[in-house]
């Protein structure tokens with residue numbers, strides 16, 4: 001699992017390219033789904049991606065917008081296996097996201113790039 005939050009400090013530019021979905025209000029969704037609040041006695045506001053990282057295993061995630069209210073999550077194309085078709089790849093991503101948040105979402109190609117300079 002790779003998590004990117006904001007700008008990369010040792011680089012002037014960065015990018016994020018996956019097949020996946022944008023999940024709005026991800027903290028609330030993942031907080032409830034992961035059960036981390038009950039486990040550690042913390043509130044949703046105190047929750048962060050590293051604490052709920054187990055919930056997004058096998059996927060890459062990035063919070064790129066300034067408010068941090070959306071999570072872009074998906075699977076990088078470089079993880080496509082030699083014997084895996086494009087349909088199998090997309091179906092796998094959709095299923096993993098459904099398992100993650102408990103409902104189906106529309107997935108698409110997500111490419112985000114930013115420059116810090």
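Quick look at the numbers
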{"quantity": "Filter result (at pLDDT below 90 and within 22 Å of residue 15 (Cβ to Cβ)) within the stretch 81-104", "calculated": "96, 97"}
{"quantity": "Counted residues, the stretch 77-97 - those being surrounded by 15 or more Cβ atoms within 10 Å (Cβ to Cβ) and outside any loop (DSSP other than H, G, I, E, B)", "calculated": "8"}
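The values are calculated or read from the model by the stated rules, or taken from the named source; none is laboratory data. Everything numeric here is computed off the predicted structure, so don't read it as measured data. Here Cβ is always computed from backbone atoms with ideal geometry, including for glycine, and neighbour counts include all displayed protein chains.
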